[in-house]
Amino acid sequence: MNKFLSLMILTVTLFTVSCTTKPNSFFSDKTYAQKVRSDFEKRKLLVGDQRRDALFSVFNRPDLKQEEKDALEFLYAYMPLCDLSDYDGDFFLSQVRTAFAARDYFDWGKKIPENIFRHFVLVYRINNENLDSARIVFFNELKDRVKGMSMQQAVLEVNHWCHEKVNYRGTDGRTSAPLALVCTSWGRCGEESTFTTTALRAVGIPARQCYTPRWAHTDDNHAWVEVWIDGEWHYIGACEPEAVLDAAWFSAPAKRAMMVHTNVFGLYDGVEDKNVDKPLYSTINLLSNYTQTRNIKVNVVDAAGKPVENAKVGFNVYNYAEYYPIVEAQTDAQGLAAIRSGMGDLLIWANKNGIFGYARSTPKNETVTVALNRKQGDIFEDVYELVPPPDKPVNTPVPENLAKENGRRYQIEDSLRKAYINTFITEEAAKSFAESLKLNPDDTWKYLNNAQGNWREISKFIKNNKDNGDLFAFLSAISEKDLRDTPEAILTSHLSLARRFGVKQGTPDDIVPRNVLSPRISTELIRPWRQFFHSAFDPTTAKDVQQNVEKIVQYVKKEIKIDDEENYYNCPQSPRGVYEMKIADKRSRNIFFVALCRSAGVAARLHPATSRPQYYDGEWKNAEFGDDTQKIFPQGEIVFTSAKSNVINPQYSTHYTLGRFQDGNFVTLRLRGNNDKISVDAGYYRLMIGSRANDGSITISNKYFEIKEKESLNLEIKIPEVINKVQVLGIVDMNTKVKLTGNVEKSLKDLSNGKGLMLCFADPDKEPTKHVLQDLPAQQTELNAWNGGVLFLVPDDKLSAAFDSKVFKNLPKNTLWGVDSKRVLLNEVVSTLKLNFGDDFPLTLFISDSGGIIFKSQGYTIGIGENIVKAIRQSK
């Protein structure tokens, strides 16, 4: 009997174990494991026959361990379409194995909870970057460097390594892969944070990229990194190492943020609030990690005051002259939606079935009622003021010895990066190379210089295609980033095949390079799609397509299923990936259509303002796939004029934008270049014009109107007046002498030239100062005409061996650089203005010729040049 009971107990025990998780499983939670398995099986159904073997044959490998299989199933269950389309099983297995290798190699790997490891170490994708083998490369390069450190020490050390490799510089919206960024040595904040997060995950440290989607107090956005250390999340500036955690130049602006968030891959059960909770991913709200927050409740009602269920609600900040939704939600059965946001104003926009309404939310009103009482065609104007959260002091004490050591390391890291940059081709060598090939030396140098660390690939491409008459036209039609990260073989495959079938008869020569030859379509990575599609085309088929492009339109419409939820990271699928998957988001479908057309010799593009897919057949025609965004509309004309009262010349996307009504909201037109006169689709529009005050508040003028077919409408851009009287904030002794570059001493009075002085205390290695240097060229004409002084002073403790003022181009003619020894002048100004400054660079001032400080901006701000011009005008 006892033996029988023992056998029964053993049987029950074994059964219980088998019903929880399998031995050596990646999952300890049976319910979660079953959900992942179920989602994996559903996800497999998306994959067509042409992709099935490439993705799933990895599961047949005899050396595949159970936890590797589980981890792969988790990744496949929730990965976006772009990854299912363009990468194979061996790639994902290498990511899994390296993640587990890091976990087992470092002591901290044993301390990381399963769910934290699963979502913030294992996952290979950070945002919308192109994927590569960086995790493997970085693990091998960093593992001995950080072995034996604490997690905190390792985080700081990895960030120093990142700074050795990459520094900040603005670039376009396509996110380079981490290894491509190493090749270039610089990138924007979204690329730096992707790079740094990848490096941290490579050594088994949980990390996530954080974004403020748009600032409220200034234009632009910012991205950085959070790291999990011993149970708590901390933040660091990506590729901007500090001596301690939770210290960065953006600490102060983050206190003025209205949202900080991150996307989390997969089914996530963390403690954070979720702004978005989808089957494949969630977007979690991290704002309370940085600043004071408030609950914002929105009550949406109809014209009769009854609650509206399933209304779309956008919580908007003003940024780049448009209302930008930091969160979007839907109302419940009681007509309610709510989020947690910051201590500033938001414009709440709600709509349903084409009827819309809006209202301002301020910290004084916890609940806002929005009545849906406006419809398409209503003609009216209004003016709004939105006030951002107030500026708050930040004080993160750093021991002096640690700060000095960090500064010393900064200089070494700058020197290492500069030494690498010095290996790039020189102008002399590039022109000599061009002359040896009998090519234009200036053109050759331009493209090799723009290629940066990829210059060897581009020089090989130029050499191999020197006899192709389209060579330089082709190079002119791709982006600078394409030059920096595209291999020679891919470029050659496109150029060599570009005219294989000829170009559709009647296509103007001037549109051929950008719309037929070019492999650049939108913001996708350039891949050899032309070579792939040419395997399916023959000359007869291509000529048939050229004579009737609608055949391609109908093919795409019939064969490609649209799903905008599945590709949630917004990284475009490749044209080949769309063809093989037969399912895509709309943008990837449109890129696919353009690639097919160009492969057949038909000029095609995405419209530069609306992104609609178009092909050329005597004129640009929209490709109609049956969804509303592709419809062909009659055209009208808008003529923009600038009001005589404007203090500055208004710029599109800085001071004003135009939005067309679509699905209950206004979609901003992405206009470029000279916009004095534009052709637009007939329809209902909103013109937004904004003017930002020194405290970051914004006054917005909105004009709602219709434009009809063949109508020409004049729109005056009158920048709203900001009631902001000139006030002297403090006094500077204009007889103070400063040491300029070249060891020349001059007084501030001498530099002001009788007109006044723009003075910027700068930390040239950090992003906020670089934004000032990028802003000023736009106001170069105004500032040159003013003819006052422009002085950048760098404290001697912020100088580095890599600093070279000559790299900053197109600054006002009177711009000078100098050194503020021991921060003498900076400390005087800080004392005069009673600032809590620390290292919150840059500090930008406009000082009258008599020494009165009329304008002050501290820390991260976009549009400094414009504000200086306003201060100059107001001081007269």
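The values are calculated or read from the model by the stated rules, or taken from the named source; none is laboratory data. Just so it is clear, the structure is predicted and the values come from calculations on it, not from any experiment. When we count neighbours, we look across all protein chains shown, and the Cβ atoms used for this are built from the backbone with ideal geometry, even at glycine. Remember, those area values only see protein heavy atoms, side chains included, never the ligands or the DNA or RNA. Shrake-Rupley method; radii C 1.70, N 1.55, O 1.52, S 1.80 Å.
Annotation for segment 723-737: no member residue is at pLDDT 90 or above, buried (at least 17 other Cβ atoms within 10 Å of the Cβ) and not in a strand (DSSP E or B). Test Gly170 against the criterion of being surrounded by fewer than 20 Cβ atoms within 10 Å (Cβ to Cβ), in a loop (DSSP other than H, G, I, E, B) and not charged (D, E, K, R), and give yes or no. Spelling it out, Gly170 is indeed surrounded by fewer than 20 Cβ atoms within 10 Å (Cβ to Cβ), in a loop (DSSP other than H, G, I, E, B) and not charged (D, E, K, R). Taking the criterion of being open to solvent by 10 Å² or more (accessible area, probe 1.4 Å) and under 21 Å from Phe106 (Cβ atoms), the only residue of segment 237-259 that qualifies is Leu245.
Restricted to segment 41-56, and to residues there that are open to solvent by less than 50 Å² (accessible area, probe 1.4 Å) and free of Cβ contacts under 8 Å to residues at least 60 places away in the same chain, the residue that is nearest to Glu114 (Cα to Cα) is Arg43. Put simply, of Asp563, Asp544 the only residue that is surrounded by fewer than 23 Cβ atoms within 10 Å (Cβ to Cβ), of a type outside the set (Phe, Trp, Tyr) and over 23 Å from Arg52 (Cβ atoms) is Asp544.
List pairs: first in segment 135-157 and farther than 19 Å from Arg409 by Cα and part of a helix (DSSP H, G or I), second among the aromatic types (Phe, Trp, Tyr) and modelled with pLDDT of 95 or more, Cβ under 7 Å, 6+ apart or cross-chain? Close Cβ pairs satisfying both conditions: Arg135/Tyr124; Lys143/Tyr105; Met151/Trp108.
Can you find even one residue in segment 380-391 that is aromatic (Phe, Trp, Tyr), open to solvent by 10 Å² or more (accessible area, probe 1.4 Å), touching a residue at least 40 places away in the same chain (Cβ under 8 Å) and under 22 Å from Asn263 (Cα atoms)?
First pass over segment 380-391, keeping only residues aromatic (Phe, Trp, Tyr): 380, 384.
When the remaining residues are screened for being open to solvent by 10 Å² or more (accessible area, probe 1.4 Å), the result is 380, 384.
Retained after the next criterion (residues that are touching a residue at least 40 places away in the same chain (Cβ under 8 Å)): 380, 384.
Adding the requirement that they be under 22 Å from Asn263 (Cα atoms) leaves none.
No, segment 380-391 contains no residue that is aromatic (Phe, Trp, Tyr), open to solvent by 10 Å² or more (accessible area, probe 1.4 Å), touching a residue at least 40 places away in the same chain (Cβ under 8 Å) and under 22 Å from Asn263 (Cα atoms).
Kindly check whether there is at least one residue in segment 687-699 that is under 25 Å from Trp215 (Cβ atoms), open to solvent by less than 70 Å² (accessible area, probe 1.4 Å) and of a type in the set (D, E, K, R). Yes; the residues of segment 687-699 include at least one that is under 25 Å from Trp215 (Cβ atoms), open to solvent by less than 70 Å² (accessible area, probe 1.4 Å) and of a type in the set (D, E, K, R). What do you reckon, is Asp104 closer than 23 Å to Arg201 by Cβ, in a helix (DSSP H, G or I) and without any contact (Cβ under 8 Å) to a residue 12 or more places away in the chain? Considered against the rule, which asks whether it is closer than 23 Å to Arg201 by Cβ, in a helix (DSSP H, G or I) and without any contact (Cβ under 8 Å) to a residue 12 or more places away in the chain, Asp104 comes out as yes.
Being of a type in the set (A, V, I, L, M), free of Cβ contacts under 8 Å to residues at least 40 places away in the same chain and open to solvent by 20 Å² or more (accessible area, probe 1.4 Å) is true of Ala333.
Residues in segment 179-208 that are within 23 Å of Ala419 (Cβ to Cβ), out of contact with any Cys (no Cβ under 6 Å at 6 or more places or on another chain), in a helix (DSSP H, G or I) and open to solvent by less than 10 Å² (accessible area, probe 1.4 Å): 4 in all. Phe625 satisfies every condition listed in (1) part of a loop (DSSP other than H, G, I, E, B); (2) more than 27 Å from the chain's Cα centre (by Cα); (3) surrounded by fewer than 19 Cβ atoms within 10 Å (Cβ to Cβ) except (3).
Considering (1) assigned to a helix (DSSP H, G or I); (2) farther than 19 Å from Gln50 by Cα; (3) small (Gly, Ala, Ser), the lone condition that Gly577 does not fulfil carries the number (2).
Applying the selection to segment 580-610, what residues are of a type in the set (D, E, K, R), in a helix (DSSP H, G or I) and either open to solvent by less than 60 Å² (accessible area, probe 1.4 Å) or over 21 Å from Arg51 (Cα atoms) (or both)? Residues satisfying the conditions are Glu580, Arg589, Arg598.
Of all residues in segment 404-451, those that are more than 31 Å from the chain's Cα centre (by Cα), touching a residue at least 12 places away in the same chain (Cβ under 8 Å) and under 28 Å from Ser800 (Cβ atoms) total 3.
None of Asn310, Asn316 is in a loop (DSSP other than H, G, I, E, B) and at pLDDT 95 or above except Asn310.
Evaluate the following for Asn365: is it under 18 Å from Trp349 (Cβ atoms), open to solvent by less than 60 Å² (accessible area, probe 1.4 Å), out of contact with any His (no Cβ under 7 Å at 6 or more places or on another chain) and modelled with pLDDT under 95? Walk me through it before giving the result.
Values: under 18 Å from Trp349 (Cβ atoms): yes; open to solvent by less than 60 Å² (accessible area, probe 1.4 Å): yes; out of contact with any His (no Cβ under 7 Å at 6 or more places or on another chain): yes; modelled with pLDDT under 95: yes.
Criteria met by Asn365.
I need the helices (runs of 4 or more DSSP H) fully contained in segment 416-532, keeping only those with at least 3 residues that are open to solvent by less than 30 Å² (accessible area, probe 1.4 Å) and within 30 Å of Ala584 (Cβ to Cβ). Please lay out each step first, then the result.
On the way: elements: 427-436, 441-450, 455-464, 471-476, 480-485, 488-497.
Because the criterion is at least 3 residues that are open to solvent by less than 30 Å² (accessible area, probe 1.4 Å) and within 30 Å of Ala584 (Cβ to Cβ), the helices (runs of 4 or more DSSP H) in segment 416-532 that meet it are 480-485, 488-497.
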